[in-house]
Each structure stands twice: as C-alpha cells, then as structure tokens.
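The values are calculated or read from the model by the stated rules, or taken from the named source; none is laboratory data. All values reported here derive from a predicted model rather than from experimental measurement. All Cβ positions, even for glycine, are placed from backbone atoms using ideal geometry, and neighbour counts span all protein chains on display.
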Amino acid sequence: MNNALMNQLGYPVLTVTVFLPLFGAILLLFIRGKEAIRWITLLVTTLTLLVAFPLLSNFNKDTHLMQFVERHEWLPSWGINYFVGIDGISILFIFLTILLSILSVLVSWRAIDTKVREFHIAMLLMETAMLGVFVSLDFFLFYVFWEAMLIPMFILIGVWGGKDRVYAAIKFFLYTLAGSVLMLVGIVVLYFKGGETLNILELSRIRYPFLLQCWLFLAFFVAFAVKVPMFPVHTWLPDAHTEAPTAGSVILAGVLIKMGAYGFLRFSIPMFPDATRFFAPVIVVLSVVAIIYGALVCFAQKDMKRLIAYSSVSHMGFVTLGIFSLNSQGLEGGILQMLNHGIVTGALFLLVGIIYERTHSRMIADYGRFATLVPWYAGIFMIFTLASIGLPGTNGFIGEFLIILGAFTSHREFGVLAAIGIILGAGYMLWLYQRVFFTHQSTVVRDNHEILDLNKREAITLLPLILFVFWIGIHPNTFLDYMHTSVEHLIRQVNITDTPGTFAEYINLIGGYR
Amino acid sequence: MVPLSWYILLSTVVFGIGVIGFIIRRNLIMIFLSIELMLNSVNISLAAFSHYLQSMTGQILVFFVITVAAAEAAIGLAIIIALYRHKPSITAEEVNLLKG
Amino acid sequence: MTAHQLIFAYLAIAITGLSVMVITRRNPVHAVLWMLVLFVHIAILYLFLNAEFLAAIQIIIYAGAILVLFLFVIMLLDVKDVEMERRFLGLWPAGVVITAILTLLSVIVLREIDVFPPLGQFSIERIRSEGNIMTIGRVLYTRHLLPFEIASLILLVAIIGAVVLAKKRKGVE
Amino acid sequence: MLILIPLLPFIAFLINILFGRRFIRDRAHYVSIPAVVGSFILSVGAFMDVLDGRVINVNLYEWVISGSFVVPVGFLIDQLTAIMLIVVTSISSLIFIYSVGYMHGDRGYYRFFAYLSLFVFSMLVLVMSNNFLLLYFGWEAVGLCSYLLIGFWYERPSASNAGKKAFIVNRFGDFGFGLGIILIFLTFGSLEYLKVFSEAGSILGQKTSIFGLEVETITLICLLLFCGAVGKSAQIPLHVWLPDAMEGPTPVSALIHAATMVTAGVFMVARCNPLFNLSHTAMTTVAVVGGVTAIFAASIGLVQNDIKRIIAYSTVSQLGYMFLALGVGAYTAGIFHLYTHAYFKALLFLGSGSVIHALHDEMNIQRMGGLKRYMPITYWTFVIASLSISGIPGLAGFFSKDEILYRTFLGGGTGKILWVLGTIAALMTAFYSFRLIYLAFHGDFRGSEEQLRHVHESPPVMTIPLILLAIGAIAAGWVGIPSIFMEHGDRIGEFLAPVLGRPEAEGAHSTEVMVMTLSVIVSIIGILMAYIMYVKKTDLPERMGSALRPIYTMLYNKYWFDEFYHVTIVRPVLRASEKVFLGFFDGRIIEGVVNGVPDLIGSFSQRFRRIQTGLLSSYGLIMVLGAIIIIWAVIFSR
C-alpha cells in the first residue's frame, strides 16, 4: 500500500461535498421568489448529505491515516497546495454540520421573512466554510476557511439578529479574529520551522524544540480557547446567542464551537506533544472552572437563550477536560460529547426558536404552565433537558461518563470536581423546565398569543435529533468505532518521548506517500 | 577668494528668514513670498556648489527650480483667487477647513 | 580682504537685510517691490559665480514674470486695510526663536562639510572659453534631456490648473 | 425470553405515551396492567428456574467500548434478583389495579400509567443488570420516573418543587455512586459483577490518595457506593426528599416510595456484599447510619399529622432497619425485611390512599376519626399492616424485624448500642402506627359535615388489592421462620445463601428467645401507650405536648433539616451565581476588559485629533521642529 493516502472512491467526494453548498449559493442568485429560494436551499443541503453519504459507508475504520485524500498544486512557490482528507476524528463533525445546516434551513422557514435570499446564501456559504475547516489538511486552506466562516455568521447575527445585534456581532467577530490572528503568526512560524511547507501532516511529524513548542502551543491555544469558549474568554457567546436568529444560534452552538476543540485535536496535540503534556494541567483546571462557573451562572439567568448559552460553556468545559486528560476514554468521551452537545444544544435552540416564533419572548418569567398548552413540545423539551443533564440512556450520559472516567484516571481530583458539574446541571435545567412548563408564573405570554403545538415541519426538524439522542445513548458504538484508531494514534503521538522506533515508522511512511 | 562656506552660510540665513516669514505671517500671499525666498536661498547654494565643484549640474538644477517655482506660484495664486471668491479675507486662520 | 570678498560681504548683508525687509512689510505690494531688489542682488551674486545665464534667467523670469504675477494677484484681491494691521500671528516670537535654532543647527552641520567629490570637468576657464549658455545648452540637451521635458510638462499642468481654478464657474458662488 | 420481563412495561410505556393523548386516554390501564402482570408471570417462571439452581447471566450486546473500557448490556438472574423480581412485579401489579380506581377521571390518566410502566421497566433493569453501568442506568431512570410521578399534578407548585427536589437530592447521591463506579473500573478493570466480585479479595492492601489523604481503596469504593444508596433510600443526610415526595398520587407513594425504588439502595448494598465484607469501616458506617436513621425518622413520625407523611417517615425508619441489618453483616435479614416491608408498607399507603380518596383529599388525621364504621375493609387491612409493622408475632413484620434485632445484638459492642436504638425505634414504630389508627379510625368524626356525607368504602377495584396485600403482610413472614420454631424454617435464608452468604455469628438459642420476647413486649407497650393517649385520656397528648414544648417543635419541624439545607446550600448557590459570578466576574472583570480596550483606544485617538488645527503656520512649525530633531539626531549620532 505504497500510496498510503489514496482516495478510495476515485471521484473527489470531499471537494464535491465541501463546494456543493457554495455552488448552491451561487445558484440562489438567479432564483426569484421566497418559497423557491427556501426549497432550493433545502434541496442543496439534503443533496450534500446524499453526496457525503459514501464517506460513511466505505470509511476504513482500522487505519489512522487520512482517507478520501485529494492533493493539487495551488501556490507551488510557497509550498501551498489544495490538500484535503478526513480521518476518524473529523468524519463525524462533517455529518453534524450537514445535519444542522438542513435543520437550520427548516427552522427558519417562517422565522426569516426579510432578505430571504441573502439569508440562505449566508447559510450555504457558512456550510461550505465549516466543511472546509474540517477537511482541510493544508494550513493555508484551513486558515482561509477558518476566517471565511466568520463572515456569514457575522452577517447572520448582524442582520437578522435581535435588539442590539450589531454589538453582539462585532464582539463575536473581534473576539474570534483577535484569537486567530495569533494563530496566523503561529502558522507562519511553523512554515519556516517546519521546512517551508504548510502541509499539516508533515508539520505534525517534526519534533520542534520544547520552548518553541510552548510558544506555538500558546499561540494556537488562544485562537482555539476563544472559539471553544473556555473560561476567561467566553463572554461573547451569551451575547452572540441571545442576538442571533434561531438558525444562527443552532449553527453557532452546533458547529462553530466545535472548531476550537477540533483545532486542539488536529493541531495542538499532534504538533506540540511535549507542550501539550506541559500545559495539560493548566487547561484541565480552566475546564473545571468553566464547568462549575458556567453551571453556577446559569442559575442567575433570566433569558432562556442566555441560560442555554452558559450551559454550553459548561458542556464545552467537559469537552476540553476530556481532551486534555490525554487518555483514550477522555479523548473519545470528549469527541462524543462534542457531537452530543451539537445535537442537544442545537435542539434546545431550535425549541427556543420555535416557541419564540409564537410568543416573541425569551424571558423565562413570561412563561408558565406550558405543559397543558403544548404537551408535545413539552415532551420533546423534556427529552432534550434530560439529554443535556446526562441522564443514562441519553447521549449526554455516555459522553460525560467517559470524560469523567478519563479525567479521573489522569487528574483524580479534577474528575471529582467535574462531577459536581453534573449536579449543578440537573439543578438549573430542571428549574428552567419547571418554571417554563409547570409552575404558574405569568399569563403575559399565554393570553395575547395564540399558541399552537408543534406543526409538522417543526416535528420533522426535531425528529432526527431525538433519534440521535437515543441512538447514541443506547448504542454509542456505531459512533465510537469511527474514532478508536485515530484516537489511539493521537495518544501515541502525544506520548512519544523521543523513542526513535515510532519515529522511524513515519519515515518510511513519508517515503511511500510522496 | 570667497570660500564656499560663506555662500552656504548666506543661503542658510536667507532660508531661515524665509521660514520665519512662512510661519508668522498671516497673509497668504506673504506666505507665498516667503516660499519664493526659501527657493531662492536654495538656488544660491546650488549655484555656489556648481561653481566650486566645477560641474554644471548645480546650474541645471537652479534652472529647474525656477521653472517649478513658477508653476507653483501660478497654481498657488490661482488657489488664492478661488479662495478669495469663496470668502473675502485671505488670512491663514480663516482657511482652516482641513481642521481635524 | 580682497575687493572680491568685499563685494561678497556687501551682497550678503544686502540680501539678508532685504529678505528681512520682504517678510516684515505690512503692505504686500511693498514686500514684492523689496523682493524685486533682492532678486537683482541675487543675480549679481550669480555673476560672481560666473553663471551669467542664471543671472539673466533670475532677472527675466523670476523677477519679471513671477513677481509681476504676484503683483497682478495682489492688485486683483484689493485686500482691506483691517487685514493689513495684524501682520503677525499671535505666537510670532516662538516662531522666530525656533527658526533661529534651526538655522544655527544647520550652520553647525554645514560647516562640517569638507568632503569634496572629484571635481567635475567643467573648470571655470572652460566655461569662460565656451560661454556659459553654450555649456548649459550642451549639458541640458544631452544628459538632462528627460528632466527638461518633464519640466515642460509641469508648466503645462500649471497653466491648465491655474485656468481651471481661477475661472469663474457658472452659478457656483 | 428473559428480555421480555423489562421489555413488556417499556412497550406499554411507549404505547401509552405516544398514542395516549388522542386514542387511549382513559383506557390506558388496558395496556399497562397486562404488561405488568405478564412480566410478573415471567418473573415467577424465572424464580422457579432459579429455585432449581439455574442462574442466568447473559450479555445482549456491547453497550460502550472505548479503549479498555468495555461494558455490555446484560442480565443476571440469581437468587437475589429473583426475589426482587417477585417483589417488584407483584406489588406493581396490585398497585396498577388499585390506581385504576384511585386515578379514575384524572385528566393525565394515560400519562400516569405511562410513567408507572416506565418506572417498572427501569426498576426491573436496575434489578436484573449484570454490571454496574446498567445498574447506574436503571438507578437514574428510576430517579427520573420518581421525578415525573411526584410532579404528576404539575399545576401544584409544591408538587413540581417536590419532584425537582427529589431528583436533585438523588443526583447528590448519584454523584458519589458514579465516582464509586469509576473507581471500581480503575481498580478492577471491568464493571461486570462476576469479574469484580471474584477479584474483590485481590485489592485488600491497596491505597488511593484523593485530595491528599491516603484512603484504603476498598473502603473508599464502598463508601462512595453507600453514598448513592443513602441518596436513593433516603437515609440521614439525604432523606429530605422522601416526605416531600408525598405530593405525588398515593399509588406512586405506595409503589415507589415504599416498596420498590427506595429499596434499590438496600438491594445495591446487598448485591455488593463481597466488597462491603472486605471493609470493616464501611460496614460500621452503614450500620450506624441505618440505626440512627431508624430512630431519627421514627421520632419525627410521632408528632406528624399528615397521614402520608407519618407513613413516609415510617418507611425511612424501616429502611434504616434494613441498612442496620446489612451493616452488621446480616444481608439475608436485610433482604427478608425488605421483602416483608414491601407488602405491609404498600398496604399502609394504599389504605391511607383509600381514606384520602373517601374524604376528598383530606390528609390531616386530626380532622378524621371514627372511619371504622364507614370503611371496614380499609380499617381491618390497616390494622393488620400496623400489627405487622409493629412486629406482633405471627405476622410478617415480626419475623424480619426480630431477625434484624437479633443479628444486631450479636454484632459486637457497637451492635449492642445499635440494638438498643433499634428496640426504642420499634417502640416508636408501634406507637405512631397505632396513634394513626386510633386518630383516624376510632373516636368520633372530626371532619366537615359535607365530608361525612360522602364517606364511603372504596370500590372493589381498590379494596381487592388491599386484601391481597393484607394476605401478603401476614404470609410473607412465614418464609423465614427462625430455627427455634421450625427446623429449617428459614427457607429464604437458605435460598439467598449462595449470593449473600450465611451470617457467621450464631448466638445461643436463649439469647435469640430473650431478644425476641423483649421486642414483642416493647411493641405491645407501644400499642398500649397509643391506646391510652388517644382513646382513653384524649387530653394527655396536649398536656404532654405543652410540657415538652421544645422537643415537640423540634420533632414537628423535622429537626429543621430542610431549613438548614436551604440556608447552607440553596440560597448561597443562587446568590453566588447572581452576585459573585454573573455580576462580578462576567459583569465587571471580563466585560470590563472586553469593552474597556476599545474605549481606551477611542479616547487615545480623540487626543490625537486635536493636533490637526487646520492652521497652515502650525503645520509649518511642526515641520521645522521635525527638521530640528533630525538635524540634532544627525549631529549627535556620529
């Protein structure tokens, strides 16, 4: 198997998947009529799912090498080439992105009525950029998609957002940009230190001196920590979420946040193993603080979306805790929890969006005793509340249990502290559910709005997510199997302590692959 | 024989006077005159250098300086006229549309 | 002190005095006239530096054309008397002091100049033999042809600019 | 076949919850009852298999595989599970039938039966699982069902609050339980019972350090597991949720908060007896907590006026007894008491349910009285249950409670103290049980006229389960007759021996007889005291109450546990999150920095703007200054 990184399918499946939405966006320019635009966008996003499906069926689970690889010269003089491929870690996120994009289009069927064309173009551009980030194996390509992702989201929040959306959009944009600028510096330094190439695989094979590793790790850390959002730099998330339209929130919570954690997995850990091991305790402390801080702040929230936003700060604290426990349970738990968080928090935002469409209020105090009014909605909200607090049988439990198991093995005390997060989680979510659905708080919203239960479209939007909640809860192996070899490989990379043996193994690999 | 440094000294002094004129005068035209003065002082030093270094470049430069001075005077005065039509007074203070 | 140095001394003092006179006159017309006298002295100085062509140019073009232009413009804008009184800006002493410092510093720096690049081949005798204008013409139209053409362009631009700026626009008042 | 036992209720749940609202509505019991009875029959079949020695341990599929962490979904039916299956399914069936009458006409009728079926499913999974993770799954699923059922009448804020409180307090327990499971995996490398219990001996010496203190691993594991049991079975620190759980419908209280869910903790500790046997400290903690809870809860029960709360505290106290038995190593006695207690406690709850049903939700026994005449069946079944719980010979309670007291007595020094506590608690149990009977059923009716007119005996669909349970309350005890009366009477002991082992300490017959007679005398005294105070001299309670005013108020306010928790945990968390975290950290520090930087830059550029004065000469001046500086630099740089 000399060409170790071949493309099983022959035809460039990744390029098609990534650029189909872009093609759809261009197509939209020529279409008139709001309904037509919505249907075409829906068609394009579902088409992307169909096109991407072969990725799942002939994905080779027992190799950690990149698959479905495509490599073309782009800017040869600087060693930049269009180099895409996926492995066990990134494959699940591709499907999460595609799924959430479809659902976002569905949920904003009635919600978005102004500038419908621009909205759907922004959505499709967003999808292309996100898919691009997950597949790109060349730093230049990665950075292009990484920045390209910000613009549509900025527009989504800035144009279709809530009251002071501009402040939130700018804050979101500047926060992420400040982070990624440092990353750019890191990339340039890597370019020179790594031998004039931007190919991620080659760069992650070279052992950089320890001090350099630390500096580069910090540079990348800032960019990814802002995206995750980790504790000190998280304040953009609640603002962005409260002001973003429903579709924006779903995509933001479902996928954008995962970019940071994915960045850790793809760049920080393989490229700077010694620095990772050096900084791991610090990041674990930050994650535990994020878990408890995020959960505690949720108790004081008045707005539903802000509460869910802060809860996702707490959930992402779990993810980073899992990733930086640097053992197979922790890592796999972390990746699975990223998937779960995308599904559960995405669904919660969908739900809040759906009820917002009817009552135009996100304040918890305005709600009360909705269980009798909208029983189906209450039932589905209960399912996702339980998934969010990690009730066994739902996806949240598997992720959180693996993470706490992983954290307990590597940093015993932090595992215990993280487990407190579970109690707090139950506290604020059930309190939210009680105030909204059970106790009789206020009839402000109920009286002057004619509130109907879920209609067919909304039910279809939520159905796949409910399915995934129980599928991952009852049979997580279908998803865990994809990750095993890649995570093992990642752990081997981190724990290499300059043993030439494993190093030699890469050398011949490069030979073959060239 | 008059040494070169005296010429340089002379041209510097005249240049200084030109600068003073440029800074402290309020009348735009007088500012222009000061600029002409500064240009002439430069010409003096150029001519001196051309003489002592026995090369014609100095004189050629003076020649070009004069042409540029002429062009500059023409344009400057045209601007003053346009300004004057806009507002009767031509003192430097009134002309502060560029205020930040 | 040879006669040559004496004349130079006179010229230097005259030029400095005249310059001061130019910038201190209240009435711009007087200033222009003093400027005229100044230009004559400068022309004489050029003669000493055996740049006869330059002296002629100075008188004809500089004094003749440019100063006349100034006079025209001054006449055109009949500046009101009130304008005349307040000549100087409020903080004029500061300006004078700063410029004095500037001049002083420049003198210190320029006196240091003692390095002499190799002397050019146009020695004084040669210029005298051929005539200043001949030498300038030969040099101008050989090595400095391009700057010469550009100079003509500048003048063209100046002419068009002046016309456009000064023309009375219809209705724009 | 085996998988059907939990699956039937689950299918019933799905049918009811999905189609309930539109189609099934009031016919939900036609779906749930056959399912539960079906699984009861299957359980009896399984019991028969286990009886003749066939222990089943089957893995259905690999649930979670992540690196070395492999956990299957599998079922283990051994003696202990068989007994629990019988208890759970039989009592559930009776309670389902009872609920048909009790919940008749309720708007959420289908939802009630759906949640009940889900509960039975979760309890069966909990009982039948063959590894700790599936046990944890059942554990939390049962917690969820109790949340849903306590808060069933969600219109009432007190009900939804009680539900939330139950779930969160359970979560505190599960916090320790989860960590215990993780520690088990780390020390044994697997979570399956067989592997863990077989290798239990191997880790005796091992020590783990947590937060700096060096603890023996096995003790730490047992304590963490016990922490879960305390949460679930409402023992001392985490008992506050059970009395509030009475907000739920009475069948719920009977099923979940008497017979099945609360006993999950006892079941788990019994299941992990190989681990607990290794750690003496863990055993004593279990015993002490059990004993203290027994007497503590009984004392509160003396003064309560709400009929269901009295029985709730009696449940907490009886659970204390069970943990006391487990603590001293008498696992079979604990499970035997769990078995008998399930019957008479369910009977007590259902009896009180039919009283409440008859008096239109009147809970306060001070406003009842003389119901003997109107509700004979309920009265007699209630008396049987009370006799049984007080430990009157011949009835179920006597055999199981006496066995516990006897084993505790044998259990060394601490055993003696705990035995004293147990006996006093037995006295209190007898007293408050019969206080309830005399206040509720004897004397003259103290309720409103309108209630009197409507008082009637409950319909047969409710009384038949009462009668069946009464039979159970009597007959259940005959399975474990001590060897004094019948040769090998202790059949349940022999039956459970392979799983729970035989208690070593064999005291002389005389001590057993002495303990037995003492406990009988104590219960009779209790009954007589109740008789005197509440039938003969009815003024005695007021005088006693006023005389011991401080003690009375302390007991009545449940030792102020709720208020204590509110002040130390609930309020600080809420206030901290409001003021400290959101206000200070987010509000000032981070937002400060995030908004501060742009303002800083803004003000800085503001100052620069003033330099552009628009005045020509000032520009000239600046140019000259620049020139001076450059020249200065040239002069002094050389």
Checklist entry - Among the residues of the stretch B:56-73, which ones are under 11 Å from C:Leu140 (Cβ atoms), at the interface with chain C (Cβ under 7 Å from one of its Cβ atoms) and part of a helix (DSSP H, G or I)? => result B:Gln59, B:Ile60, B:Phe63, B:Phe64
Item to check | Failed condition for D:Glu199, given (1) within 12 Å of chain A (Cβ to nearest Cβ); (2) of a type in the set (D, E, K, R); (3) within 21 Å of A:Thr409 (Cβ to Cβ) | outcome: (1)
Checklist outcome for this item: When restricted to A:Ala280, A:Ala240, the only residue in a helix (DSSP H, G or I), small (Gly, Ala, Ser) and surrounded by fewer than 23 Cβ atoms within 10 Å (Cβ to Cβ) is A:Ala280
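Every residue, every condition in (1) touching a residue at least 24 places away in the same chain (Cβ under 8 Å); (2) touching a Phe, Trp or Tyr at 6+ places or on another chain (Cβ under 8 Å), yes or no:
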residue	(1), (2)
A:Arg165	yes, no
A:Phe173	no, yes
A:Ser180	yes, yes
A:Ile187	yes, yes
A:Leu190	yes, yes
A:Leu203	yes, yes
A:Ile206	no, no
A:Leu212	no, no
Checklist entry - Yes or no: B:Val19 of a type outside the set (Ser, Thr, Tyr) and at the interface with chain C (Cβ under 7 Å from one of its Cβ atoms)? => result yes
Checklist entry - When you look at B:Phe32, is it surrounded by 18 or more Cβ atoms within 10 Å (Cβ to Cβ), more than 8 Å from chain C (Cβ to nearest Cβ) and free of Cβ contacts under 8 Å to residues at least 60 places away in the same chain, yes or no? => result no
Checklist entry - Of the conditions (1) touching a Lys or Arg at 6+ places or on another chain (Cβ under 9 Å); (2) exposed (fewer than 13 other Cβ atoms within 10 Å of the Cβ); (3) not β-branched (Val, Ile, Thr), D:Pro541 fails just one. Which one is it? => result (2)
Next on the checklist: If D:Phe121 satisfies all but one of (1) surrounded by fewer than 23 Cβ atoms within 10 Å (Cβ to Cβ); (2) modelled with pLDDT of 90 or more, what's the number of the condition it fails?
Outcome noted: (1)
Checklist entry - If you scan the stretch D:166-204, which residues turn out to be outside any helix (DSSP H, G or I), under 16 Å from D:Leu225 (Cβ atoms) and in contact with a helix residue (DSSP H, G or I) (Cβ under 6 Å, 6 or more places away or on another chain)? => result D:Leu191
Item to check | Residues located in the stretch D:25-41, provided they are of a type in the set (A, V, I, L, M, F, W, C), part of a helix (DSSP H, G or I) and buried (at least 21 other Cβ atoms within 10 Å of the Cβ) | outcome: D:Val31, D:Ala35, D:Val36, D:Phe40
Item to check | Qualifying positions in the stretch C:8-31 - more than 7 Å from every other protein chain (Cβ to nearest Cβ) and either farther than 19 Å from B:Pro3 by Cα or not in a helix (DSSP H, G or I) (or both) | outcome: C:Gly17, C:Leu18, C:Met21, C:Thr24, C:Arg25, C:Arg26, C:Asn27, C:Val29, C:His30
Item to check | Single unsatisfied condition, A:Phe370 versus (1) out of contact with any Phe, Trp or Tyr (no Cβ under 7 Å at 6 or more places or on another chain); (2) outside any helix (DSSP H, G or I) | outcome: (1)
Next on the checklist: Anything in the stretch C:55-78 that is more than 7 Å from chain B (Cβ to nearest Cβ) and either part of a loop (DSSP other than H, G, I, E, B) or over 15 Å from C:Met35 (Cβ atoms) (or both)? List them, or say none.
Outcome noted: C:Ala55, C:Ala56, C:Ile60, C:Met75, C:Asp78
Next on the checklist: Whether any residue in the stretch A:199-215 is of a type outside the set (Phe, Trp, Tyr), at pLDDT 90 or above and crowded, with 23+ Cβ neighbours inside 10 Å is what I want to check.
Outcome noted: no
Item to check | Residue that is farthest from the other protein chains (Cβ to nearest Cβ) [pool: residues in the stretch D:135-183 that are under 15 Å from D:Ala234 (Cβ atoms), surrounded by 22 or more Cβ atoms within 10 Å (Cβ to Cβ) and among the aromatic types (Phe, Trp, Tyr)] | outcome: D:Phe177
Next on the checklist: Give all pairs with beta carbons closer than 7 Å in which a residue from the stretch D:205-220 that is away from chain A (no Cβ under 11 Å) and without any contact (Cβ under 8 Å) to a residue 60 or more places away in the chain meets a residue that is assigned to a helix (DSSP H, G or I) and among the polar types (S, T, N, Q); count only pairs at least 6 apart in sequence or on separate chains.
Outcome noted: D:Gln206/D:Thr187; D:Gln206/D:Thr217; D:Lys207/D:Thr217; D:Thr217/D:Thr187
Item to check | Residues (within 26 Å of A:Phe479 (Cα to Cα) and either without any contact (Cβ under 8 Å) to a residue 24 or more places away in the chain or over 19 Å from the mean Cα position of the chain (by Cα) (or both)) located in the stretch A:43-54 | outcome: A:Val44, A:Thr46, A:Leu47, A:Leu50, A:Val51, A:Phe53, A:Pro54
Checklist entry - What number of residues in the stretch D:586-624 are at the interface with another protein chain (Cβ under 7 Å from one of its Cβ atoms), part of a helix (DSSP H, G or I) and either β-branched (Val, Ile, Thr) or surrounded by 12 or more Cβ atoms within 10 Å (Cβ to Cβ) (or both)? => result 9
Checklist entry - Is it the case that some residue within the stretch C:102-109 is more than 7 Å from every other protein chain (Cβ to nearest Cβ), modelled with pLDDT of 70 or more and within 20 Å of C:Val22 (Cα to Cα)? => result no
Next on the checklist: With the requirement that a residue be more than 9 Å from chain B (Cβ to nearest Cβ) and modelled with pLDDT under 90, what does the stretch C:36-54 give you?
Outcome noted: C:Leu47, C:Glu52
Item to check | the stretch C:126-148, subset in a helix (DSSP H, G or I) and under 22 Å from the mean Cα position of the chain (by Cα), residue surrounded by the most Cβ atoms within 10 Å (Cβ to Cβ) | outcome: C:Ile136
Next on the checklist: What are the pairs with Cβ atoms under 8 angstrom where one residue, in the stretch A:330-353, is hydroxyl-bearing (Ser, Thr, Tyr) and the other, located anywhere, is part of a helix (DSSP H, G or I)? Sequence gap at least six, or different chains.
Outcome noted: A:Thr345/A:Ala253; A:Thr345/A:Gly254; A:Thr345/A:Ile308; A:Thr345/A:Ser311; A:Thr345/A:Ser312; A:Thr345/A:His315; A:Thr345/A:Ser388
Checklist outcome for this item: When every residue in the stretch D:445-489 that is farther than 30 Å from D:Glu403 by Cβ and aliphatic (A, V, I, L, M) is compared, the one nearest to the chain's Cα centre (by Cα) is D:Met462
Next on the checklist: Residue under question is A:Phe272, and the condition is that it be more than 19 Å from A:Leu336 (Cα to Cα) and aromatic (Phe, Trp, Tyr); does it hold?
Outcome noted: yes
Checklist entry - Taking the stated definitions as given, is B:Leu9 assigned to a helix (DSSP H, G or I) and facing chain C (nearest Cβ under 7 Å)? => result yes
Checklist outcome for this item: Over the stretch A:1-34, the set of residues over 30 Å from A:Glu202 (Cα atoms) and modelled with pLDDT under 90 is A:Ile31, A:Arg32, A:Gly33, A:Lys34
Checklist entry - What residue, among those in the stretch D:424-471 that are polar (S, T, N, Q) and crowded, with 20+ Cβ neighbours inside 10 Å, is nearest to D:Ser92 (Cα to Cα)? => result D:Thr463
